[in-house]
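Have a look at the structure below before the remarks.
The values are calculated or read from the model by the stated rules, or taken from the named source; none is laboratory data. Because the structure is predicted, anything quoted here is derived from the model rather than measured. With ideal geometry, Cβ positions are generated from the backbone for all residues, glycine too; neighbour counts draw on all protein chains shown. The protein model used for the area step is the full one, side chains on, heavy atoms only, and it has no ligands, DNA or RNA in it. Shrake-Rupley method; radii C 1.70, N 1.55, O 1.52, S 1.80 Å.
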Amino acid sequence: LNVIGFSDTIIVSLSGDPALSALTLVGHQIIAAVLAGLKRGILLRGAISYGDYFESDSIMMGPAVDQAHAWAERSDWIGVMLAPNASYLCSSFPTDPLTGEVASFQGQYLKYQVPLKEPKGERLDTWAVRWPDYIGLGLEEVRRRRRIHSRRRVATPPAPRTWASMRQHFLTCL
C-alpha cells in the first residue's frame, strides 16, 4: 500500500493484490482518512478506481488514475465512491442474498446513488465508502467542528447542496 499526498490530492495505490482484497484494504484506509479529515474539519471527496497505472518516485499516471480523478471531480458530495470501472468489477464478487452487499467488504461499502455536479440532479449508481458507520459524531457535530475549524484559517465551506448530499449519505448508512 502506497499513499502519496500533494496539494489537495491524496492517492492511495496498491498493486499485486487480487481485486477484492485490494478494495477491502483500501476501504479501511479511506475510512481512516475521511474520519481523520473530519476531526480536523477537512471534508474529503474522492473516487477509487481499479486498473492499470504507472508509478515512479515522482509521477503516477494511467487510466486508473485518470478515472479516479475524473469521477471525484464530477461528484457533488462529501465522501468516496467507487469509479465505474471498480464498481463494475464488484458485480463479479459474491453477494449476500439477503442484503445484496458484497460479503467480503465487511460493511465498508454500500450501494449508493452518488449525486453528480453535471448534469444537475443526475446520480451515479455505484458503491460508496460507508464512513458514517465508523464515526461517533452526529452530522450536526461534524458541521459544528467544520465551522470552528473554518474560523481558524481561510476555508471554503461546502455548498448547501453538498451538505444535503452528505446528510443523505450519512442517513442512508445509519
Could you please find all residues in the stretch 57-75 being of a type in the set (Ser, Thr, Tyr) and under 13 Å from the mean Cα position of the chain (by Cα)?
-> 75
Selection within the stretch 115-134 - farther than 18 Å from residue 28 by Cβ and touching a residue at least 40 places away in the same chain (Cβ under 8 Å) = 115, 116, 117, 118, 124, 126
In the stretch 36-54, residue surrounded by the fewest Cβ atoms within 10 Å (Cβ to Cβ) [restricted to those that are closer than 30 Å to residue 135 by Cα, in contact with a helix residue (DSSP H, G or I) (Cβ under 6 Å, 6 or more places away or on another chain) and touching a residue at least 40 places away in the same chain (Cβ under 8 Å)] | 41
Has the stretch 51-66 got at least one residue that is in a loop (DSSP other than H, G, I, E, B) and aromatic (Phe, Trp, Tyr)?
-> yes
Do we have any residue at all in the stretch 103-119 that's over 30 Å from residue 21 (Cα atoms), at pLDDT 65 or above and out of contact with any strand residue (DSSP E or B) (no Cβ under 8 Å at 6 or more places or on another chain)?
-> yes
Residue hits (the stretch 84-110; over 17 Å from residue 25 (Cβ atoms) and crowded, with 16+ Cβ neighbours inside 10 Å) are 84, 85, 87, 101, 110
Mind telling me which of the residues 80, 12, 65 ends up being within 19 Å of residue 165 (Cα to Cα) and open to solvent by less than 60 Å² (accessible area, probe 1.4 Å)?
-> 80
Please indicate, with yes or no, whether at least one residue in the stretch 103-110 is under 15 Å from the mean Cα position of the chain (by Cα), in a strand (DSSP E or B) and touching a residue at least 12 places away in the same chain (Cβ under 8 Å).
-> yes
Could you say whether any residue in the stretch 67-80 is of a type in the set (Phe, Trp, Tyr), assigned to a helix (DSSP H, G or I) and closer than 14 Å to residue 126 by Cα?
-> yes
Please identify the pairs in which a residue from the stretch 65-78 that is over 17 Å from residue 42 (Cα atoms) has its Cβ atom under 6 Å from the Cβ atom of a residue that is assigned to a helix (DSSP H, G or I) and open to solvent by 10 Å² or more (accessible area, probe 1.4 Å), counting only partners at least 6 apart or on another chain.
-> 67/85
Please indicate, with yes or no, whether at least one residue in the stretch 55-62 is open to solvent by 30 Å² or more (accessible area, probe 1.4 Å) and in contact with a Pro (Cβ under 7 Å, 6 or more places away or on another chain).
-> no
